[in-house]
Each structure stands twice: as structure tokens, then as C-alpha cells.
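Data first, discussion second: the structure below is written as C-alpha cells.
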Amino acid sequence: MAANTNPEVLLLMGPPGAGKGTQATKLARARGLYKLSTGDLLREHVKQGSELGQRAKKIMDEGKLVPDDVIIGMVEGELEQQPVVRVLFDGFPRTTRQAESLDSLLHQYQAPLTAVILLEVDADELVQRLLGRAREEGRSDDTEEVIRERMRVYQADTKPLVDYYHARGLLKRVNGMGTVEEVFARISEVLP
Ligand code: AP5
Ligand code: MG
């Protein structure tokens, strides 16, 4: 990693279907950030049939979380390859342990967190969006049963991070209802 000029680190948080991936792509492009989506990386492993992919597929298809060590190792590997730390995380961290590991990694790179964006969307709308995506893309974890489990896991394991980041003054709550463009404009407004 080269000397870190102008670091920026954003996190996009929110329940399944909140629009993290959609907004991450737009935001990364607009701000010149590297989009690091742990879900996308895992799906890439599944597609390639790697050992990690084979292990992860079963867990993802059940809507559970892939073990922290696997995820943290993957993120470390990605960050090592970046010339500078200008990164937008989509779907990471998802547990307190992941958040603490990210803190120490960023400390190492002397790149503090810029902001944490929490996308808030009504439960009914989340399900509608995911079922819509199931029809269009056929993601194997977009079935009603697995969506329900992903929501439960979010509430149990990931939602506590809202307090974690709020306590550090980093949390930006953004209304994720409305069109993609409307949500993007709201996110842009709250960022420094
Ligand atoms: P991941 O891929 O992160 O899935 P997720 O959190 O369940 O979230 P989604 O990708 O389903 O939703 P999204 O918020 O990105 O919304 P999107 O923009 O796609 O994780 C999948 C699995 O991988 C996990 O269950 C776990 O097993 C594993 N995993 C990943 N990261 C992990 C980690 N850190 N630790 C442990 N395990 C991990 O939008 C959804 C749909 O809505 C799309 O069709 C989109 O076009 C549409 N849409 C978006 N915005 C709008 C809008 N404003 N109006 C209408 N429709 C919209
Ligand atoms: Mg996503």
C-alpha cells in the first residue's frame, strides 16, 4: 500500500433489499471509490466453484452469515491490493467482530471511517424488492423463506452495529424509500 493520500472510507448498511448494492455502485462511481461488496465477492467464489465458494454457497442459501474469519480474510486481501484506501463497503461489516477488525485494519492504514450510511426502508417494500429481483435475476437466496431468515439475521447480528457507529458519531440515517435517484440525492446530501 502506497502512502495514503486523501483516504475515504464509507460503509453502506441496511437490511436485505435496502438498496445497498444499487447505491454503492452509483456512489463509488461518483466519488472515485473502490466498491467492496462482500456479497458480490462471495457470489464470485461460488460461480468459480472455489473451495471457499463451495463452503459459502450452502451458508448463503440458508440466509446465514459466512464465518467472520473468512470474511475478514477476504477484506484484508482486497485492501492489500488497493493503491490507496478510498473504499466503499457494501454489506460489511455485519457483526461486531467484523466491525472491530475493520477498525484495527483502518487504524493500520491510517484511514479513518468517513461515514456510515444506514438505508431505512419499510419491511413490506424490502420483500417486494427482493421478490422482484428473484423474478429478474433468480438469486438463489431470494426465496420467501430465505428472505425471512436474512431479515432475522440482520436484526440479530447486524443491527447492533447501528448503535456501535452512532456512539462514534459516524451514523447517517437515510430514508431509502422512493426512486433510486431520490435515495442517491439524499445520501449525497448527508456526506461531507
Ligand atoms: P448480500 O449480497 O450483502 O445481501 P443482502 O445484505 O441480503 O442484501 P441484498 O444484496 O439482497 O440487498 P441490497 O441492500 O444490496 O439491495 P439491492 O441494491 O440489491 O449478502 C448475501 C449473503 O452473503 C448473506 O446472506 C451472507 O450469507 C453472505 N455475506 C455477505 N456479506 C457478509 C458478511 N460481511 N459477513 C457474513 N456473511 C456475509 O436492491 C434490491 C432490489 O431492489 C434490486 O432488484 C434493486 O434493483 C431494487 N431496488 C434498489 N433500490 C430501489 C429503489 N429505490 N426502488 C425500487 N427498487 C429498488
Ligand atoms: Mg447487495
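Scoring Gln48 on the criteria (1) without any contact (Cβ under 8 Å) to a residue 24 or more places away in the chain; (2) away from ligand 2 (no atom under 16 Å from the Cβ); (3) surrounded by 19 or more Cβ atoms within 10 Å (Cβ to Cβ) leaves a single failure, condition (3). Restricting attention to the stretch 131-165, the residues that are open to solvent by 70 Å² or more (accessible area, probe 1.4 Å) and more than 17 Å from the chain's Cα centre (by Cα) add up to 6. Go through the residues of the stretch 34-43 one by one and say whether even a single one is among the aromatic types (Phe, Trp, Tyr), more than 10 Å from ligand 1 (Cβ to nearest atom) and touching a residue at least 12 places away in the same chain (Cβ under 8 Å). Yes, the stretch 34-43 has at least one match.
Residues in the stretch 1-41 that are in a helix (DSSP H, G or I), more than 22 Å from Val127 (Cα to Cα) and open to solvent by less than 30 Å² (accessible area, probe 1.4 Å): Leu27, Ala28.
Please tell me if Glu62 is over 25 Å from Val162 (Cβ atoms), modelled with pLDDT of 95 or more, open to solvent by 40 Å² or more (accessible area, probe 1.4 Å) and of a type in the set (Asp, Glu). When the stated conditions are applied, Glu62 does not pass them. Anything in the stretch 90-102 that is away from ligand 2 (no atom under 16 Å from the Cβ) and either more than 16 Å from Met13 (Cα to Cα) or basic (Lys, Arg) (or both)? List them, or say none. Across the stretch 90-102, the qualifying residues are Arg97, Ser101.
The values are calculated or read from the model by the stated rules, or taken from the named source; none is laboratory data. Since the structure is predicted, the reported quantities are computational estimates derived from the model, not experimental observations. Cβ sites come from the backbone with ideal geometry, for glycine too, and all protein chains shown count toward neighbours. Just the protein is used for accessible areas: all its heavy atoms, side chains included, with ligands, DNA and RNA removed. Shrake-Rupley method; radii C 1.70, N 1.55, O 1.52, S 1.80 Å.
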